[in-house]
């Protein structure tokens, strides 16, 4: 093996995403959705999705939303507790992470209440109504979730 090939192989071992034949393995297209309802209510009250599943690193990104009619009732808390507990109980995932707009204070409060760690800020990461906004990245590890 040539020295350059050897170093490339070492680089492959260190990257977040596996590399095959000199190209990164594409992200998983799988999206798993949990829909949440309530007794006596004929519409969905919330949704939790996880995606970008990385088997090598045992991680996945997730997103969630609560129907605007049912916000500020603790549904988001119950929904995340249920979905994340289920994922850590039934999969080999070690880390779940999400991205939320810095102005979404309700989501940030919920994540922090559930002991998520703020991993970083993506500055001026997305545009909304002609303005660029920061996004915050939050994560929780399996061992941290057990402590909740």
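The values are calculated or read from the model by the stated rules, or taken from the named source; none is laboratory data. Quick caveat: nothing in here was measured; it's all calculated off a predicted structure. Every residue, glycine among them, receives a Cβ derived from its backbone with ideal geometry; neighbour counts consider all protein chains shown.
Scanning the stretch 21-54 for residues that are surrounded by 10 or more Cβ atoms within 10 Å (Cβ to Cβ), assigned to a strand (DSSP E or B) and modelled with pLDDT under 90 yields one hit, 24.
Restrict the check to the stretch 122-143 and report whether at least one residue is farther than 16 Å from residue 62 by Cα and touching a helix residue (DSSP H, G or I) at 6+ places or on another chain (Cβ under 9 Å). Explain how you work it out, then say what you get.
First pass over the stretch 122-143, keeping only residues farther than 16 Å from residue 62 by Cα: 122-134, 143.
With the extra rule that they be touching a helix residue (DSSP H, G or I) at 6+ places or on another chain (Cβ under 9 Å), the set shrinks to none.
Within the stretch 122-143 (the criterion being farther than 16 Å from residue 62 by Cα and touching a helix residue (DSSP H, G or I) at 6+ places or on another chain (Cβ under 9 Å)), the answer is no, since none of the residues qualifies.
When the stretch 107-116 is limited to residues that are surrounded by fewer than 14 Cβ atoms within 10 Å (Cβ to Cβ) and in contact with a strand residue (DSSP E or B) (Cβ under 9 Å, 6 or more places away or on another chain), the one that is modelled with the lowest pLDDT turns out to be 115.
Answer yes or no as to whether residue 93 is surrounded by 15 or more Cβ atoms within 10 Å (Cβ to Cβ), part of a loop (DSSP other than H, G, I, E, B) and either at pLDDT 95 or above or out of contact with any strand residue (DSSP E or B) (no Cβ under 8 Å at 6 or more places or on another chain) (or both). For residue 93, the condition - surrounded by 15 or more Cβ atoms within 10 Å (Cβ to Cβ), part of a loop (DSSP other than H, G, I, E, B) and either at pLDDT 95 or above or out of contact with any strand residue (DSSP E or B) (no Cβ under 8 Å at 6 or more places or on another chain) (or both) - is met. For the stretch 63-74, taking the residues that are in a helix (DSSP H, G or I) and either at pLDDT 95 or above or exposed (fewer than 13 other Cβ atoms within 10 Å of the Cβ) (or both), the one that is nearest to the chain's Cα centre (by Cα) is identified as 68. The number of residues in the stretch 96-105 that are in contact with a strand residue (DSSP E or B) (Cβ under 9 Å, 6 or more places away or on another chain) and farther than 13 Å from residue 63 by Cβ comes to 2.
Of the residues making up the stretch 88-106, those that are touching a residue at least 24 places away in the same chain (Cβ under 8 Å) and within 24 Å of residue 72 (Cα to Cα) are 96, 97, 98, 99, 100, 101, 102, 103, 106.
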